[in-house]
Every structure is written in structure tokens, then in C-alpha cells.
Amino acid sequence: MLSLRPSRRKVLSTVAIALSLPLVLPLAASAKDAERIVAIGGTVTEIIYALGEGNRVVAVDTTSLYPPEATTKPNIGYVRQVSAEGVLSQKPDLIIAEAGAGPVDSINILKASGLAYVSIPSPPETATIPEKIRAVGQAIGRAEKAEELARSVEASIKAVDDKVKAASGPKKKVLFALSLANGRVMAAGSQSSADAMIRLAGGENAVSTVTGYKPLTDEAVIAAAPDVILVMSGGGQHLTAEKAFALPALAATPAGRNKAFLTMDGLYLLGLGPRAADAARDLNAMLYPEGQ
């Protein structure tokens, strides 16, 4: 069984060292040549396909929505509510999951099954995306392809970052609203994927003093004074402009007064995968349609 104890990990790159990422232990040759991979996590799945190895994937989770052909594979449940029995029924020879996959009992069953299990670190920072790509590439035995992709993505992210840093105009304050809970906005603060993408796109997180995803009081929403509300598109539970601005607190903000409401595909915006630079460019264009 594959062990991921820190004492046996191998350093993948200086980026990982600097960011203190947990690393993937090198796999046995049989695992690297795995023909039946279960991918748990939309970004992990996307990377495997971007490396041209989608034909080896036999099952995915419900967040694996890109590329579209991934959705035709058998589904083993939501990334944090994985069915161990469902995974094992696919007879995989390699399981690759984003860090944070769960529940714990299911993951422990998979790790104890004797199958190769790899957890891919997913820190909420755009700077770690290339290392995530390298980790997946190493796990499936495609390190050279992964290095090429990682360098390309790294260059794309730098190009977006350079453009944003060169902008002279004021930054818009963006509030990412995940959902409404009991009339309160569940917003993304610092140390979140939404925060990382807002910053890369040249915006300012309106609630950066909050950490992670937290419900905000009406007073906190008004004090944040966002210029724009950003939400994920699609799905019955996702916010619409009508629902958002029906809340007195949001209606009282600059975003509410100007009806400034943006939507983006969730995986595209928050996945922190190979398309992150494209998503940031798109978000930048929506935030600053007339330039910054």
C-alpha cells in the first residue's frame, strides 16, 4: 500500500518546498502505468485530461465537469461524500484524489484497500497550480508532459499577473457570494480559491479580513461596500441577481445600487487548474469592460 507519511515523501520542486506543500510519494511502476484510474476532484480530472490521459479514467466524482467527456464516466459521488464501495466497484488500479476528499471513513477504507492512493495538494493559491499539475503527472507516469503543461500554465498566470500589476486604475471591490444561509451571505474571505482568483483578475476582495468561507452579518456586508457581487453560475442553490439584491444589506451596497452582478462557472473560476489564467482574464474583462 502506498504510504504518504512525511518521512517518506520526496521533494518534487523548489516551489513545493517554499510553499510547504505536502508531496506525493513516487509510485511503483505498476501504478504509473495504471489503466483504470478513479479521479476524485474536478481539477484532478481536468489535469489528467489535459495531459492526454483521459482514456485511462474509469470513474469520476460529481465535480468533474470538464472536459465534457469526463461527465460520461461512471460517477462515485461528491468529492467530500465519496462512496468507497462505488470506487472499489470500478476495480481501479490507481485512485487520485484532491486533498480534502472525504468522508474520512471512506478515504480510510480506500487507503487500506491495498490500491495505490494519491492525495494531490490543493492550496488556495494560484502560485501552486504548476506544482499540482506536476504532482498529477508524476502519479500517472507522465512527468515530462506535466512539466510542459506546468511551465505553460505558469507563464500564462505570470502574464495575467503582469498585466494586472501594470494597470493604473482603481481596483474594484468584489464580494464572492457562495450562497445564502438563513438570510445571510456566505462569502469568501482570504485563504480561499475565490480570493486567489479575484486578486489574480485585478480585483480586491471586499471581505479579505475574513478567513475562508463565512456567513456575514448585514452590518459586515454594508461595511464591505462591494462594487461587484460575484457568484457561481448554474444549479438551483446558486444565487441570482434578483435573490441577491432582494437582501436589504446587499441592495445598500455600491454593487446593489448599480446592479453589478457577475456569474462564472464554478470549476472554471475556483478549480485552480490548467484554465486558471483564462478564467482570470475573463473575470478581469468582466470587472473592467472599458479597461482598467
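Computed from the coordinates by the stated procedures, all read-outs in this text should not be read as laboratory data. As the structure is a computational prediction, the values presented were derived from the model and not from experiment. So basically every Cβ, Gly included, is an ideal-geometry build from the backbone, and we count neighbours across all protein chains shown.
Using a simple spin-label model with pseudo-atoms 7 Å out from Cα toward Cβ, Ala181 and Ser83 lie 2.7 nm apart. Which listed residue (Ile107, Leu270, Ile76) has the Cα farthest towards the positive end of the charge dipole for the chain, taking +1 on Lys and Arg C-beta and -1 on Asp and Glu C-beta about the Cα centre? Towards the positive end, the residue furthest out is Ile107.
Here the chain is treated with +1 on each Lys and Arg Cβ and -1 on each Asp and Glu Cβ, and its dipole about the Cα centre works out to around 400 debye.
Sequentially through the range 69-78, phi angles give Karplus couplings (6.51, -1.76, 1.60; θ = phi - 60°) of 5, 5, 6, 7, 7, x, 10, 10, x, 5 Hz, Gly and Pro residues having no value and appearing as x. Subtracting the Cα-Cα distance of Ser152 and Glu242 from their residue separation scaled by 0.36 nm leaves 28.4 nm.
On the beta carbon distance between Ser233 and Lys163, with R0 = 30 Å, the FRET formula returns roughly 0.75. Pairs from the list Lys145/Lys173; Lys132/Lys214; Lys171/Lys214; Lys111/Lys145 with a Cα-Cα gap above 31 Å: Lys145/Lys173. Among 284-290, 81-87, 174-180, the peptide with the highest mean count of other Cβ atoms within 10 Å heads the list, and the full ranking is 174-180, 81-87, 284-290. Would you mind counting up the charge near Asp61? Only other residues with Cβ under 15 Å from its Cβ, with Lys and Arg at +1 and Asp and Glu at -1. My count for the surroundings of Asp61 gives -1.
The packing ranking, built from the mean of other Cβ atoms within 10 Å per residue, places the peptides 66-74, 38-46 in the order 38-46, 66-74, highest first.
Give, as ranges by residue number, the residues of the range 48-70 whose backbone N falls under 20 Å from the point 7 Å along Cα→Cβ of Glu35. It comes to 49, 52-60, nothing else. Only one item in [x] 1.11; [y] 1.04; [z] 0.93 matches Cα Rg over 2.2 N^0.38 Å derived from the coordinates shown, and that item is [y].
Each Lys and Arg contributes +1 and each Asp and Glu -1, all at the Cβ; summed about the Cα centre of the range 63-120, the dipole is approximately 20 debye. Among Asp61, Asp162, Asp282, Asp227, the order by Cβ neighbours within 10 angstrom, fewest to most, reads Asp162, Asp282, Asp227, Asp61.
Which shape class applies to the range 242-292: rounded if a/c is under 1.5, otherwise prolate when a/b exceeds b/c and oblate if not, where a ≥ b ≥ c are the square roots of the Cα gyration tensor eigenvalues? Cα axes put the range 242-292 in the oblate bin.
Modelled spin-label separation between Glu290 and Asp278, with each label point placed 7 Å from Cα along the Cα-to-Cβ direction: 3.0 nm.
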